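Everything below concerns the one structure shown next.
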Amino acid sequence: MSIIELEGIYTAYEGDDKPIIKDLTLRIDRGEYVVIGGPNSAGKTTLLESINGLVKITHGRATVCGLDVGRKGHEVRKKVGYVVQNFYFDPFTPFTTEQVVMMGRYGRLGLLKRPSEADYRAAERAIRLVGIEDLAQKTIGTLSGGQQQKVMIAHNLAKEPEVLLLDEPFSNLDFSAREYLQGILLGLVKGGTPIVTVSHAFDGLPDIRIHLVVMNDGRITKDIECSSRSVEDIVRESSFKRAM
Ligand SMILES: Nc1ncnc2c1ncn2[C@@H]1O[C@H](COP(=O)(O)OP(=O)(O)OP(=O)(O)O)[C@@H](O)[C@H]1O
Ligand SMILES: [Mg+2]
């Protein structure tokens, strides 16, 4: 059984008769580096939200880590990390970086809901891995966009997810931060955790086989394995054809 299995799913934000994702079938296995490409409004973000149960699945079968996404969305979200595309923290948000990263552990806390030594260690490790030790005591709303992005990545690493979804994770990051993040993602993939990343920029992908999915108008128009070097051309070509 694959870790993500979507079979003929339709998903809708509003009425069931207005599906965004249409008849989509996709399987993702452990250790895969998946890139989702395609033009604006193709349904890439909606696909990620379908995987972790944030949008209604009206037809078809969706399981993640063996759990039915429609019925067990809450359980699925405990196992799935999700770095969202657009977020905004009010400048007066009262949580520090350290606290936000620690919140990544909340789905794992036991009955008493008190963090254990292991939880603190996982949060510290994530902060160190992303290299944001100097931001630990600052409140998140006072950080720059790229710094906030790093905090959200650390939050999701602290979670130690079974699957990591990232929506445009590189958009706010400078060149060296992008390279660094690619290294972190590569490490996760090598450890078996599948990465599913939506992106419009494909330079700097690690030199490994990529499971490339191209979307257009809520459907998958390409689902192939390819080298990281050919991703950009394939996405450009499939998107261009559609635009004409
Ligand atoms: N919360 C929502 N309620 C209603 N419709 C939505 C919602 N979010 C997205 N949509 C619609 O779903 C379609 C797909 O949007 P989605 O955000 O999945 O596209 P995308 O491929 O991620 O695009 P982009 O590259 O611009 O991020 C769009 O037509 C959009 O208007
Ligand atoms: Mg999007």
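Quick check on my filter: what residues within the stretch 121-142 are assigned to a helix (DSSP H, G or I), of a type in the set (Val, Ile, Thr) and touching a Lys or Arg at 6+ places or on another chain (Cβ under 7 Å)?
Passing the criteria: only VAL130.
Criterion first (out of contact with any strand residue (DSSP E or B) (no Cβ under 7 Å at 6 or more places or on another chain), surrounded by fewer than 18 Cβ atoms within 10 Å (Cβ to Cβ), more than 30 Å from HIS200 (Cβ to Cβ) and not aromatic (Phe, Trp, Tyr)) does LEU129 satisfy it?
no
Report yes if LEU157 is within 20 Å of the chain's Cα centre (by Cα) and not in a helix (DSSP H, G or I), otherwise no.
When the stated conditions are applied, LEU157 does not pass them.
Is at least one residue of the stretch 5-20 under 17 Å from the mean Cα position of the chain (by Cα) and in a loop (DSSP other than H, G, I, E, B)?
no
Only one of (1) free of Cβ contacts under 8 Å to residues at least 40 places away in the same chain; (2) under 14 Å from GLY73 (Cα atoms); (3) outside any loop (DSSP other than H, G, I, E, B) is not met by ARG27, so which one is it?
So ARG27 meets the others, but not (2).
If you take the residues of the stretch 207-225 that are outside any strand (DSSP E or B) and surrounded by fewer than 15 Cβ atoms within 10 Å (Cβ to Cβ), which of them is nearest to ligand 2 (Cβ to nearest atom)?
Among them, the one singled out is ASP217.
Return the residue satisfying two criteria in turn: it lies in the stretch 38-77 and is under 29 Å from VAL100 (Cβ atoms), touching a residue at least 60 places away in the same chain (Cβ under 8 Å) and more than 16 Å from ligand 1 (Cβ to nearest atom), and of such residues it is surrounded by the fewest Cβ atoms within 10 Å (Cβ to Cβ).
Of everything passing the filter in the stretch 38-77, CYS65 is surrounded by the fewest Cβ atoms within 10 Å (Cβ to Cβ).
Which one is farthest from HIS155 (Cα to Cα) among residues in the stretch 55-79 that are among the aliphatic types (A, V, I, L, M) and touching a Leu at 6+ places or on another chain (Cβ under 8 Å)?
By that ranking, first place goes to ALA62.
Take the residues in the stretch 138-179 that are polar (S, T, N, Q) and more than 16 Å from ligand 2 (Cβ to nearest atom); name whichever of them is modelled with the lowest pLDDT.
Only one residue fits best here, namely SER176.
Given (1) buried (at least 17 other Cβ atoms within 10 Å of the Cβ); (2) in contact (Cβ under 8 Å) with a residue 24 or more places away in the chain; (3) more than 16 Å from ligand 1 (Cβ to nearest atom), identify the lone condition not met by THR11.
(3)
Out of the residues in the stretch 161-175 that are within 16 Å of ligand 1 (Cβ to nearest atom), not in a strand (DSSP E or B) and not polar (S, T, N, Q), which is surrounded by the fewest Cβ atoms within 10 Å (Cβ to Cβ)?
So the residue we want is GLU168.
The values are calculated or read from the model by the stated rules, or taken from the named source; none is laboratory data. This structure is a prediction, so every number in the text was calculated from the model and none was measured. A quick note on method: Cβ atoms are made from the backbone with ideal geometry, for glycine too, and the neighbour counts reach across all protein chains shown.
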